[in-house]
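The values are calculated or read from the model by the stated rules, or taken from the named source; none is laboratory data. The structure presented is a predicted model; accordingly, all values stated were derived computationally and were not measured. Cβ: placed from backbone, ideal geometry, glycine included. Neighbour counts: every protein chain shown. Note: accessible area is taken over every heavy atom of the protein model, side chains too, but ligands, DNA and RNA are not part of it. Shrake-Rupley method; radii C 1.70, N 1.55, O 1.52, S 1.80 Å.
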Amino acid sequence: MRITKFGHACVRIEGDGGVVVIDPGVFTDAAALAGADAVLITHEHADHVHPDHLRGTDVPVWTIAAVERLLRDQAPEVAERVTVVRPGDRLEVAGTAVEVVGDKHAVIHPDYDRFDNSGYVLESGGTSVYHPGDALTPPGRAVDVLLAPVSAPWLKVAEAVDFVREVAAPRSLGIHDRVYSDIGLDMVATHMGNLLPAGQSFERREPGQDL
């Protein structure tokens, strides 16, 4: 399996059967979708789904009902190739096994309504990867790689560290990182290095770099 970090929360995963792109949002270059066989979207926020990117390709999309409604309103030609998924679904996407995990976005503020959000565990060639979207919902199973959110209005560093510890993947790759400066991201990496137990590593990548 080849895992490539793109802008913000977008990650490209190349497995035995094809290429799956997760969350190509407004902070992601549209080139992330070049050669993709499928797209997975965790929720409706613009940093995770950008209709213009999806208009530029004919790739099928798997996502939750809230995103399908958004696309039906803003990009109906894209909505025609959407498959709606639900928490607990198990499916095969571009030759990769996918499990849908969780149903709610993390709390931004108690006065806001909660958004729907589902993460995805992908498995191919004996390697499993978990993208939680905007949530700290554990995958409910062991995974080899966690795509770990590190900066957001709903997240502080202590919570990010505890989530990585809880999932306990041998390797974690920082995502959801556009909000912080390089200085802030260096601070996150330092805290992860200080606080993660033996057997767990945390890594940063620039857009376009492989894990």
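Listed values, structure above:
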quantity: Selected residue (only one of 162, 177 is under 22 Å from residue 109 (Cα atoms) and in a loop (DSSP other than H, G, I, E, B)); calculated: 177
quantity: Matching residues, region 1-23, being charged (D, E, K, R), within 12 Å of the chain's Cα centre (by Cα) and in a loop (DSSP other than H, G, I, E, B); calculated: 23
quantity: Candidates 95, 88 - the one that is farther than 19 Å from residue 27 by Cβ and modelled with pLDDT of 95 or more; calculated: 88
quantity: Unique match (being closer than 30 Å to residue 156 by Cβ, acidic (Asp, Glu) and at pLDDT below 95) among 113, 103, 47, 23; calculated: 113
quantity: Lone qualifier among 148, 135, 169 - being in contact with a helix residue (DSSP H, G or I) (Cβ under 8 Å, 6 or more places away or on another chain), open to solvent by less than 10 Å² (accessible area, probe 1.4 Å), within 27 Å of residue 89 (Cβ to Cβ) and not in a helix (DSSP H, G or I); calculated: 148
quantity: Pairs with Cβ under 7 Å, 6+ apart, first in region 160-188 and under 22 Å from residue 48 (Cα atoms) and of a type in the set (Val, Ile, Thr), second assigned to a strand (DSSP E or B) and open to solvent by 30 Å² or more (accessible area, probe 1.4 Å); calculated: 164/202
quantity: From the options 179, 121, residue that is of a type in the set (Val, Ile, Thr) and at pLDDT below 95; calculated: 179
quantity: Pairs with Cβ under 8 Å, 6+ apart, first in region 41-65 and over 15 Å from residue 103 (Cα atoms), second polar (S, T, N, Q) and open to solvent by less than 30 Å² (accessible area, probe 1.4 Å); calculated: 48/42; 49/63; 50/28; 53/28
quantity: Hits in region 1-47 (condition: out of contact with any strand residue (DSSP E or B) (no Cβ under 7 Å at 6 or more places or on another chain), surrounded by fewer than 20 Cβ atoms within 10 Å (Cβ to Cβ) and β-branched (Val, Ile, Thr)); calculated: 26
quantity: Cβ pairs under 6 Å, 6+ apart, first in region 197-211 and surrounded by 14 or more Cβ atoms within 10 Å (Cβ to Cβ), second among the small types (Gly, Ala, Ser) and in a loop (DSSP other than H, G, I, E, B); calculated: 207/7
